[in-house]
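Engineer: First the structure, then my questions, so here it is.
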Number of protein chains: 2
Amino acid sequence: MTSTTQSTRNRLDRAFNPRSVAVVGDKQALGYMWLRSLSSFKGKVYSVQIDPGEFPGIAELGVTNYLSLLDIPEPVDYVIAAVPRAVAPGIVEDCIRKEVGGVCFFTSGFAETDTGEGIRLQREIADMASAAGLNLIGPNCVGIYNPEIGLRHTAAQAYGEKGSVGFIAQSGTHATLFSILGEQNGIKISKSVSYGNAVILDSTDFLEYLGEDEGTEIIGLYVEGVKEGRRFFDCLRHVARRKPVVIWKGGETEEGARATASHTGALAESGIVWQTVIKQCGAIKVDSLEEMIDTVKALLYVKPIKGTGVGLIAMSGGQAVVIADVFARTGLEIPLLSQRSYKRLAAFFNIIGGSYRNPLDISSTFLMADNGASSLNSMLDVLGSDPGIDCIALELFPVIRPLSKDAETADPILDAISDFKKRAKPFIIIVTTANSDALATEMRDKLVQRGIPSFSSFERAAKTVKKLAEFYQSRKALSQN
Amino acid sequence: MTSTTQSTRNRLDRAFNPRSVAVVGDKQALGYMWLRSLSSFKGKVYSVQIDPGEFPGIAELGVTNYLSLLDIPEPVDYVIAAVPRAVAPGIVEDCIRKEVGGVCFFTSGFAETDTGEGIRLQREIADMASAAGLNLIGPNCVGIYNPEIGLRHTAAQAYGEKGSVGFIAQSGTHATLFSILGEQNGIKISKSVSYGNAVILDSTDFLEYLGEDEGTEIIGLYVEGVKEGRRFFDCLRHVARRKPVVIWKGGETEEGARATASHTGALAESGIVWQTVIKQCGAIKVDSLEEMIDTVKALLYVKPIKGTGVGLIAMSGGQAVVIADVFARTGLEIPLLSQRSYKRLAAFFNIIGGSYRNPLDISSTFLMADNGASSLNSMLDVLGSDPGIDCIALELFPVIRPLSKDAETADPILDAISDFKKRAKPFIIIVTTANSDALATEMRDKLVQRGIPSFSSFERAAKTVKKLAEFYQSRKALSQN
């Protein structure tokens with residue numbers, strides 16, 4: 001470790017783990033979104049607001065208001081500023097004088113607007129913060145989310161538990177969506193940060209910080225552009241050696257890059273450069289929020305996938321054709337099984353109209369019969385010990401019969417799945433389109449509660465298996481160099 | 001039209017529009033799924049069952065049971081047979097003697113199992129039906145769905161209304177899923193059929209039939225293999241000239257083809273042959289149920305797309321980057337707007353942190369302000385008259401604020417969208433991942449009720465726009481030849 005990184009960690013620790021937070025400029029027009037989202041915060045919360053019209057609303061939330069940051073009688077570890085942009089320099093000055101641990105500017109309207117006023121103000125706050133060594137996050141962002149201590153940026157985010165996934169996002173929307181959709185998918189966050197225009201702290205600083213953070217085992221990153229390419233590259237290479245890093249580059253196309261300029265003022269690097277950097281560092285590239293969630297979920301819940309041979313189980317003949325097409329198109333192999341496997345399957349596979357070549361085609365009726373769970377168990381066993389199969393994917397309940405509704409039938413099947421998950425071979429569950437979104441959601445949630453998050457389509461599952469197989473392959477290759 | 005086609009239409013009309021239906025072999029073990037699904041049928045329903053143990057269950061459903069098809073005192077237009085396979089030849093014989101309009105064999109376990117017994121039985125029923133000119137559908141299928149007269153194959157399917165989309169599926173799962181998911185997406189079916197092993201009636205017969213059917217304006221087809229390639233090709237070319245035909249070929253990969261053999265016993269043609277045939281005939285190729293639904297939905301609800309220039313509106317800076325990347329990666333153009341358009345936008349676009357190059361980046365807060373609907377209207381107007389824009393895509397409400405919950409704010413916005421839909425330019429709505437699946441579903445349903453079905457991701461929307469632009473382009477080229 002370089003001493004720079006050490007100091008980054010020490011420098012950011014106070015802002016990421018604050019004992020006191022001050023919100024500057026929250027107001028009725030924002031629905032007091034900041035103070036409300038901090039209702040879960042374990043430490044002290046202060047408000048700073050000079051408009052007397054806002055005082056009753058703030059008092060109603062049980063928060064003490066001050067007219068200035070400097071009036072707060074105790075130290076302030078983290079500040080959230082939601083003030084008009086013209087006021088930003090004054091707030092930065094107060095933060096410096098108050099010696100806060102860090103400040104996040106929710107305020108936007110700076111260089112990303114490409115206006116003289118915006119550019120001038122951004123330069124002013126950047127110069128002040130830089131000279132004073134202030135940890136300024138943003139502007140134009142939602143800052144830090146630390147669920148363990150209830151530090152949130154929206155009241156829709158979970159809190160109270162400590163997860164193992166760190167998330168760094170240049171965009172507030174993506175930071176928020178990742179935390180909420182992640183939670184629904186069994187992904188729990190250690191710490192996350194959205195950092196917008198990145199005038200002081202950039203992705204590299206946060207990557208260094210989370211790279212060193214002991215509670216963070218996997219890191220996801222949504223980035224539109226980096227300011228110091230070489231430093232980012234060195235940092236990524238270093239961090240990716242120790243924990244998986246998943247990168248989604250926003251603005252990879254020319255048209256997308258045009259949008260990043262308006263969004264966070266990020267400069268465009270070419271998509272090819274990014275692809276090369278990610279590959280050389282042994283990180284994982286994804287292209288959407290869905291892929292980010294699927295990949296992180298698989299890193300968390302699926303055992304390392306060592307090859308591209310898949311064993312597939314579908315719930316009808318029609319779905320068997322589709323799952324085979326999808327996995328094959330994605331570049332995975334669907335090998336015929338060993339003679340020994342076929343002999344074992346023949347002993348109990350007696351579904352007329354079903355088939356057990358690969359994909360295995362069973363039916364939901366069959367699965368929900370009295371001995372359904374034990375048959376499923378036997379099938380998984382056979383695939384689990386077949387030498388050509390590196391990963392097993394099981395479709396659950398596409399159509400009419402809602403497994404989720406009937407605990408008596410469902411529980412033994414979920415038990416069989418849970419048991420098999422504990423064994424050696426990577427195993428993926430796919431909950432395909434049901435005839436009701438509500439039922440699909442119920443099924444997904446039930447599986448998450450059991451610690452076996454599912455994938456929502458054959459396409460997403462296949463893509464993830466491919467990505468993970470390549471990742472573990474490349475990691476092996478990198479470690480042998 | 002050839003006389004063959006004429007006779008196909010006449011031949012199948014009775015089975016597709018029956019006034020009486022007999023179910024042979026429905027039973028408790030199947031949950032009386034057939035008799036229950038026919039509770040909506042407008043005509044007469046009879047049961048044929050010889051097991052006295054089933055008589056009370058059938059009587060409870062209010063259905064008259066007979067010991068043989070031949071005992072039914074009136075003519076029978078359509079028969080559904082759910083009997084053990086060994087009994088199938090006897091039922092075929094009865095159908096012939098009874099001179100029914102058609103029979104669907106739900107029964108499976110024939111050639112698709114690759115067993116001597118299955119192959120023998122399949123040949124036997126095929127020979128009998130062929131010699132007698134019996135309209136045999138299947139075996140190993142769920143047969144006809146005609147919502148207008150309440151003829152269904154599952155109680156989850158809608159009935160009572162007459163739609164304009166015909167669907168032909170070799171797989172029962174896909175036929176069922178298309179009807180249910182289609183309904184959720186504003187797709188209403190005229191007639192659909194699942195035909196399984198296709199020993200007598202094949203996709204070509206149904207394509208001919210629906211091609212001639214006046215109530216059917218668009219045809220979707222899921223096919224695993226065809227028996228008479230040349231006849232299918234001629235028929236497809238003929239039908240596709242008059243109505244859009246969307247084709248999903250199951251078993252396009254080698255591995256998928258292996259699964260079709262076990263599923264419906266279909267022989268594999270090469271994927272390349274299919275691609276060529278579809279293209280030459282001016283039909284539209286899709287690769288999944290999702291694409292089938294998206295494409296049919298766009299054919300129904302989106303005006304013809306004449307070029308690849310798109311105007312995009314996203315609900316945050318982060319989403320503006322993503323929508324631009326996704327549409328650009330899909331091969332669409334996101335042009336800068338005309339000087340005139342930018343002048344018009346500047347006059348009212350005053351969102352700090354927003355942007356209006358293309359994508360236009362607005363925020364949900366802005367949209368839900370008092371003048372949100374009129375601003376949206378103005379934006380759509382500008383894009384609608386910009387010469388570089390062939391199609392407009394609008395993202396609705398990705399994150400926190402649930403538009404769906406608040407009718408007072410939502411209605412003027414939905415009105416603005418409905419109004420614009422009526423005007424000249426193709427217009428697509430995308431309801432992106434919300435923080436709750438239930439809210440996304442609610443929003444989707446609300447839009448469907450208004451006659452403006454939405455797309456559920458940028459990827460799916462972009463793919464559909466691309467596909468439709470190519471389709472209208474190729475149709476223009478074909479019509480000029």
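Engineer: Does A:Ile119 satisfy the condition of being in the same structural domain as A:Gln49 (by TED's automatic domain parsing), among the hydrophobic types (A, V, I, L, M, F, W, C) and either surrounded by fewer than 22 Cβ atoms within 10 Å (Cβ to Cβ) or modelled with pLDDT under 95 (or both)?
Structural biologist: Answer is yes for this residue.
Engineer: Please enumerate the residues belonging to region B:277-329 that are over 19 Å from the mean Cα position of the chain (by Cα), more than 13 Å from chain A (Cβ to nearest Cβ) and surrounded by 20 or more Cβ atoms within 10 Å (Cβ to Cβ).
Structural biologist: B:Val277, B:Cys281, B:Ile305
Engineer: Of all residues in region B:225-255, which are open to solvent by 20 Å² or more (accessible area, probe 1.4 Å) and within 14 Å of chain A (Cβ to nearest Cβ)?
Structural biologist: B:Glu252, B:Thr253, B:Glu254, B:Glu255, listed by residue number.
Engineer: Can you tell which of B:Ala156, B:Ala175 is surrounded by fewer than 24 Cβ atoms within 10 Å (Cβ to Cβ), within 14 Å of chain A (Cβ to nearest Cβ), touching a helix residue (DSSP H, G or I) at 6+ places or on another chain (Cβ under 9 Å) and free of Cβ contacts under 8 Å to residues at least 60 places away in the same chain?
Structural biologist: Just a single option satisfies the conditions, and that option is B:Ala156.
Engineer: Can you go through A:Asp13, A:Asp26 and tell me which one is of a type outside the set (Phe, Trp, Tyr) and farther than 19 Å from A:Val193 by Cα?
Structural biologist: Within the list A:Asp13, A:Asp26, the selection yields A:Asp26.
Engineer: While we're looking at this one, here's another question. Here is a list: A:Tyr46, A:Tyr66. Which entry is open to solvent by less than 60 Å² (accessible area, probe 1.4 Å) and within 21 Å of A:Asn146 (Cβ to Cβ)?
Structural biologist: Criteria check complete, one pass: A:Tyr46.
Engineer: Right, here's the next one. Name the residue that is farthest from A:Ile413 (Cα to Cα), counting only residues in region A:426-472 that are polar (S, T, N, Q), open to solvent by less than 40 Å² (accessible area, probe 1.4 Å) and in contact (Cβ under 8 Å) with a residue 12 or more places away in the chain.
Structural biologist: The qualifying residue farthest from A:Ile413 (Cα to Cα) is A:Thr464.
Engineer: Pick from A:Ser262, A:Ser270: which is open to solvent by 30 Å² or more (accessible area, probe 1.4 Å), over 20 Å from the mean Cα position of the chain (by Cα) and either over 24 Å from A:Ile429 (Cα atoms) or within 14 Å of chain B (Cβ to nearest Cβ) (or both)?
Structural biologist: A:Ser270
Engineer: Do any helices (runs of 4 or more DSSP H) lying entirely in region B:222-316 carry at least 1 residues that are farther than 22 Å from B:Gly138 by Cβ and in contact with a Gly (Cβ under 6 Å, 6 or more places away or on another chain), and which ones are they?
Structural biologist: B:229-242, B:289-301
Engineer: Further, regarding this structure: Mind listing whichever residues of region B:111-139 are away from chain A (no Cβ under 14 Å) and assigned to a loop (DSSP other than H, G, I, E, B)?
Structural biologist: Within region B:111-139, B:Gly133, B:Leu134, B:Asn135 meet the criteria.
Engineer: Where the second residue is open to solvent by 20 Å² or more (accessible area, probe 1.4 Å) and modelled with pLDDT of 95 or more and the first is more than 9 Å from A:Val79 (Cβ to Cβ) and more than 14 Å from chain B (Cβ to nearest Cβ) and lies in region A:90-110, which pairs have Cβ atoms under 6 Å and are six or more apart or on separate chains?
Structural biologist: Sorted first by the residue in region A:90-110, then by its partner, the pairs are A:Val92/A:Met128; A:Ile96/A:Ala132.
Engineer: Further question: With the condition kept exactly as written, say whether any residue in region B:330-340 is open to solvent by 50 Å² or more (accessible area, probe 1.4 Å), touching a residue at least 12 places away in the same chain (Cβ under 8 Å), assigned by TED's automatic domain parsing to the domain that holds B:Glu252 and under 32 Å from the mean Cα position of the chain (by Cα).
Structural biologist: No - not one qualifying residue is present in region B:330-340.
Engineer: Give region B:401-430 a look and list any residue that's modelled with pLDDT of 90 or more and within 14 Å of chain A (Cβ to nearest Cβ), or say none.
Structural biologist: B:Ile430
Engineer: Another question, if that's okay. Looking at (1) buried (at least 24 other Cβ atoms within 10 Å of the Cβ); (2) under 13 Å from the mean Cα position of the chain (by Cα); (3) not in a loop (DSSP other than H, G, I, E, B), find the lone condition where A:Leu210 falls short.
Structural biologist: (2)
The values are calculated or read from the model by the stated rules, or taken from the named source; none is laboratory data. This is a predicted model, so every value here is computed, not measured. Here Cβ is always computed from backbone atoms with ideal geometry, including for glycine, and neighbour counts include all displayed protein chains. Surface accessibility is based on the protein's heavy atoms, side chains included, excluding ligands, DNA and RNA. Shrake-Rupley method; radii C 1.70, N 1.55, O 1.52, S 1.80 Å.
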